[in-house]
1. Which entries of Lys84/Lys156; Lys5/Lys240; Lys5/Lys84; Lys114/Lys173; Lys117/Lys173; Lys117/Lys152 have Cα-Cα distances beyond 23 Å here?
2. Quick one: net charge around Gly196, please, counting Lys, Arg +1 and Asp, Glu -1 for every other residue with C-beta under 12 Å from its C-beta.
3. Taking the alpha-carbon distance from Lys74 and a cut-off under 20 Å, which aspartates and glutamates remain once sequence neighbours fewer than 8 residues away in the same chain are dropped?
4. Looking at the stretch 131-203 from every direction and averaging, what is the projected area of its Cα convex hull in nm²?
5. On full extension of the chain, what length is gained from Leu145 through Glu6, given 0.36 nm per residue of separation minus the C-alpha to C-alpha distance?
6. Considering only protein heavy atoms and a 1.4 Å probe, what is the carbon-and-sulfur percentage of the accessible area of the stretch 123-184?
7. Stretch Arg153-Thr186 to full length: gain in nm at 0.36 nm per residue minus the Cα-Cα span?
8. For labels at Ala70 and Ala179 in the simple 7 Å Cα→Cβ model, what's the distance in nm?
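The values are calculated or read from the model by the stated rules, or taken from the named source; none is laboratory data. All figures in this text were calculated on a predicted structure; none of them were measured in a lab. Here the Cβ positions follow ideal geometry from the backbone for every residue, glycine too, while neighbour counts run over all protein chains shown. For the accessible areas, the whole protein counts, side chains as well, though only heavy atoms, and no ligand, DNA or RNA atoms are used. Shrake-Rupley method; radii C 1.70, N 1.55, O 1.52, S 1.80 Å.
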Amino acid sequence: MSERKEIRIGSRSSQLALIQAREVKGVLQSLYPDHEVVIREYTSVGDKVLNVSLSSIGEVGIFTKEIEIALLNKEVDIAIHSLKDLPTVLPQGLVIGAITERERVEDVAVFNPKYYKQNETPNPQSPSITLATLPPGSVVGTSSLRRVAQLKRAYKHLVFVDIRGNLNTRLSKLDGTFASPNPTPTYDAIILAYAGLSRLGMGNRIGEILSPSICSPAVGQGALAVECRVDDEYLLSLLKGTHKSTSGPLHHRPTSFVA
């Protein structure tokens, strides 16, 4: 088991993905200060193809494939993913080496600013607007079939439509500030994951936290998966915290058990 002094992280190039990669980088650097940790950026199919719904793309691992190819080609040593984005079966030769401590798992609703008074801040603990109180026919954006299937049953008065793009893009579409040559629907609300907004420092946009009894979160939602090569024993020892120089593992066992 050869000892190396550089750890190369593969990440999508979106702001949220890079925040997540830097989070893991920070933990690894604190645990292994004698190692250099660097991030390499990749663009996934899911980031490139934005004019059709995710379900229409019909490809396994649309947010992970490019980074996994880089991992198998030994361009990077580990890949950081939102655990919920990983397919059930990983490519041959790859394994989840660690799962980080989980953020909150709920889905949330973010509302168009028109529903708030000037200088009013959304308060999910005492919301002034909810999905239930939106006017009939209000348009709610989400790219998730899971969310649509559940929310249509609970909110029959709402119209659910597809919305694509990274988190910042979706928020700009909601706010009406997205610059596009094509017509963009007017959204009254969009559905996002609590964890993504929290990691971006945009928790102040959360208007309503959806109960799991109404919208059950995706498997693994809120946790990060650290993927590596199955035969890379040295990296696996670092991730699991069995290497002699570590003061504690990156891998969070309680999260891995429940996620």
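1. With Cα atoms farther than 23 Å apart: Lys84/Lys156; Lys5/Lys84; Lys117/Lys152.
2. Residues near Gly196 contribute +1 overall.
3. List returned: Glu3, Glu6, Glu36, Glu41, Glu66, Glu227, Asp231, Asp232, Glu233.
4. For the stretch 131-203, averaging the hull's shadow over all directions gives 5.2 nm².
5. This chain segment gains 46.0 nm when fully extended.
6. With neighbouring chains kept in place, the figure for the stretch 123-184 is 55 percent.
7. 9.6 nm
8. About 2.7 nm, to one decimal.
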